[in-house]
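See structure below.
What follows draws every value from the coordinates through simple rules; no lab data is involved. Because the structure is predicted, anything quoted here is derived from the model rather than measured. Cβ coordinates were reconstructed from backbone atoms using ideal geometry, including for glycine residues, and neighbour counts include every protein chain displayed.
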Amino acid sequence: MMMERDFEKLLGEMKPSKEMLLLSADIFTDLWRAQREAAKQEVESIRRRNLSNCVHVSLKPAEALGLRQAGTQKSRPETRL
C-alpha cells in the first residue's frame, strides 16, 4: 500500500514538457485522421456493395410474384351461384 501511495505522489509531481505535449497532440491528431479516413473508406465500400446488390425491378406487383405475365390480364375464375 505504501508503494502505491509513493507512486501516486510521484505521478502527481510529474509535469510533461511542452515538447512532449505537442508530440502527444501530433500523434493523437495523426491517429484520428487515419481512423477517420479508414471509416470513410469503409462507408464507401458498404455503399458500393449495397448498390451492386440492388436489383431494379420494373414489374408490377402481380407480375413480380409470377401471378400474371406482363401485358396480359387473367380473368377471375367464374363463380357459379
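A full extension of the chain between residue 36 and residue 1 corresponds to an added length of 8.3 nm, given 0.36 nm per residue minus the alpha carbon distance. Projected label points at residue 49 and residue 9, each 7 Å from Cα along the beta carbon direction, are separated by 5.6 nanometres.
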